[in-house]
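The values are calculated or read from the model by the stated rules, or taken from the named source; none is laboratory data. Since the model is a prediction, treat every value here as computed from it, not as a measurement. All Cβ positions, even for glycine, are placed from backbone atoms using ideal geometry, and neighbour counts span all protein chains on display.
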Amino acid sequence: MREYLSSRIFKTISEVADLEGVEVYVIGGFVRDIFLNRPSKDIDIVVVGSGVEFAKAVANRLRSKRLTLFKNFGTAQLKHNEWDIEFVGARKESYRLDSRKPIVEDGTLEDDQKRRDFTINALALSLNAKNYGELLDPFGGIKDLKNGIIRTPLDPATTFSDDPLRMLRAIRFATQLNFNIEPETFKAIGQMSNRITIVSTERIMDEVNKMMLAPSPSRGWLLLDECGLLPYVLPELTAMKGVETRNGIAHKDNFYHTLEVLDNLAAKSDSLWLRWAALLHDIGKPRTKKFIPGQGWTFHGHEFLGAKMIPEIFRKLKLPLNEKMKFVQKMVLLHLRPIILSQDIVTDSAVRRLLFDAGDDIDDLMALCEADITSKNDYTVRKHLANFRIVRKKLKEIEEKDAIRNFQPPVTGEMIMETFNLSPCKEVGIIKNRIKDAILDGEIRNDFNQAYGLMLKTGEELGFVPVKLHPNYKPAS
Ligand code: ATP
Ligand code: MG
């Protein structure tokens, strides 16, 4: 263990501890991550005494000015080189029913370990010279780490009732580390799930986003569903569950399908927002579901409705309402386009339109669509993947030829107005659209001269007379 504590910073903390005559420990996630071989730069230090006073002494010794005190919380944060160190006095916590905010008293190391969420997060290493590096593990955290178990140090019902956020942390750690939640602990989450309502959405979403970034995020969503937390977190996803059968025809369970898509995508991309797009790509399905005799189950327009639902979902979840949301919305809206394309003969003009609509997000969209192939039929999967390869090849060819990805109209509105001596009016838009469509449909190249020629023709059809030609225009003779 000692080699992990060989950094200068631990030596300094140790020296100050003995000078000040206080017991000091490194505790929690940092210690857990040593054993998991995931070295981390966030250090939590517990002092049996005043965390703030001790932090000041350490900062003094390091001649550091990067110390922030949170006197109300009795904590201090010190940034030193690459380290981010939190100091806190060992404390004993007791809770009331209506709040996550505990009543706090000074306590021993063991009191402090008892208030930790899980046995694997309650490990401490001593930093005093007399027992430097000694492990203090009163709840069998090391054993649980070895066996891959998430377990609360005390009675789980009390632990979760005290701070219901811990229920989500349990699921997040199980997902991140691919651990199992100990059965009594999991049962308690089921019994306490409604207590999650006292936790702020922001805190919940911090955990959910960490879960989403795990190698197989589906595990977290399955656990949330199993313990009854899912309807509190994302009821729209609960609505995707279930299979209906009519006239002997069943549709697939969209919840499990979605989770498969999410994991497929997670295997290819670490992008949080692309992962969110995978989770939400079919979110419009429950509300568009129809059984049409002769056709079977349909979900017509679920991509449009789904895209419309995104801002409201993001607002409720306190996710950013900026270009991240727009990106997810765009992915949801366009997620069927490459599939439709690949089922038909892939025409240049359909490819240009897809490139125009997806822009720089085309590669993400293709990744999402490939992840969306969850058929169990090998032949079908291979056929789809082969078609997508054709689409990708075409996308590349057309992009090289026509540069549609970052489409800028070769003829601007100002040029149109100047040529025909117009003020802004709807005809300017009509002419611009006509040019855009002609380029996307391949009638003309994405080139100024051809576009300007078409502008003159369209303008004249609308009854306008050119009064001044653009100097760069070279009419075809
Ligand atoms: P990571 O930083 O990888 O997300 P972590 O376990 O370090 O995981 P932090 O939020 O940094 O999580 O918390 C540091 C430590 O504080 C935890 O290891 C745990 O001991 C304790 N802790 C954090 N949140 C809670 C909580 N809600 N209830 C009890 N203890 C907690
Ligand atoms: Mg941490």
Could you say which residue among 33, 18 is part of a helix (DSSP H, G or I) and in contact with a Pro (Cβ under 8 Å, 6 or more places away or on another chain)?
33
Please pick out the residue among 97, 5 that is closer than 17 Å to residue 125 by Cα, more than 16 Å from ligand 2 (Cβ to nearest atom) and modelled with pLDDT under 95.
5
Residue in the stretch 278-299 that is surrounded by the most Cβ atoms within 10 Å (Cβ to Cβ), counting only those that are touching a Leu at 6+ places or on another chain (Cβ under 6 Å) and under 12 Å from residue 372 (Cα atoms):
278
The one condition in (1) touching a helix residue (DSSP H, G or I) at 6+ places or on another chain (Cβ under 7 Å); (2) surrounded by fewer than 16 Cβ atoms within 10 Å (Cβ to Cβ); (3) free of Cβ contacts under 8 Å to residues at least 24 places away in the same chain that residue 347 fails to fulfil:
(1)
Please state which one of 87, 73, 118 is of a type in the set (Phe, Trp, Tyr) and within 11 Å of ligand 1 (Cβ to nearest atom).
118
For the stretch 421-452, name all the residues that are of a type outside the set (D, E, K, R) and in contact with a Pro (Cβ under 7 Å, 6 or more places away or on another chain).
435, 446, 448, 451
Specify the residue that is nearest to residue 33 (Cα to Cα); the eligible residues are those in the stretch 119-164 that are surrounded by fewer than 16 Cβ atoms within 10 Å (Cβ to Cβ) and acidic (Asp, Glu).
134
Go through the residues of the stretch 219-242 one by one and say whether even a single one is closer than 20 Å to residue 376 by Cα and without any contact (Cβ under 8 Å) to a residue 24 or more places away in the chain.
yes
With the requirement that a residue be within 16 Å of ligand 1 (Cβ to nearest atom) and of a type in the set (Phe, Trp, Tyr), what does the stretch 13-70 give you?
25, 30, 35, 70
Across the stretch 341-377, the tally of residues that are in a helix (DSSP H, G or I) and more than 27 Å from the chain's Cα centre (by Cα) stands at 9
Based on what the data block shows, is residue 92 closer than 27 Å to residue 154 by Cβ and either part of a helix (DSSP H, G or I) or within 16 Å of ligand 1 (Cβ to nearest atom) (or both)?
yes
Hey, does the stretch 74-96 have a residue that's in contact with a strand residue (DSSP E or B) (Cβ under 9 Å, 6 or more places away or on another chain), of a type outside the set (S, T, N, Q) and at positive phi?
yes
Give me the pairs: first residue in the stretch 408-419 and in the same structural domain as residue 453 (by TED's automatic domain parsing) and more than 20 Å from residue 440 (Cα to Cα), second residue of a type in the set (Lys, Arg) and not in a helix (DSSP H, G or I), beta-carbon distance under 8 Å, and six or more apart or on different chains, which are they?
418/468; 419/468
Candidates 238, 175, filtered to the one that is of a type outside the set (Gly, Ala, Ser), touching a Phe, Trp or Tyr at 6+ places or on another chain (Cβ under 9 Å) and farther than 28 Å from residue 33 by Cα:
238
Restricting the first residue to the stretch 435-457 and requiring it to be closer than 13 Å to residue 407 by Cβ, which pairs with a second residue that is of a type in the set (Asp, Glu) meet a Cβ separation below 6 Å and a spacing of at least six or different chains?
446/402
Pick out, from the stretch 159-243, the helices (runs of 4 or more DSSP H) lying fully within it that include 3 or more residues that are within 24 Å of residue 147 (Cβ to Cβ) and β-branched (Val, Ile, Thr).
none
Considering residues of the stretch 120-129 that are in contact with a Ser or Thr (Cβ under 9 Å, 6 or more places away or on another chain) and either within 13 Å of ligand 2 (Cβ to nearest atom) or of a type in the set (A, V, I, L, M, F, W, C) (or both) only, the residue farthest from residue 29 (Cα to Cα)
129
Members of the stretch 36-53 that are within 16 Å of ligand 2 (Cβ to nearest atom), surrounded by fewer than 22 Cβ atoms within 10 Å (Cβ to Cβ) and either assigned to a strand (DSSP E or B) or among the charged types (D, E, K, R) (or both):
38, 41, 42, 44
Considering only the stretch 413-424, I want to know if a residue exists there that is under 37 Å from the mean Cα position of the chain (by Cα) and of a type in the set (S, T, N, Q).
no
Among 117, 111, which is the only one that is closer than 28 Å to residue 168 by Cβ, of a type in the set (Asp, Glu) and within 16 Å of ligand 2 (Cβ to nearest atom)?
117
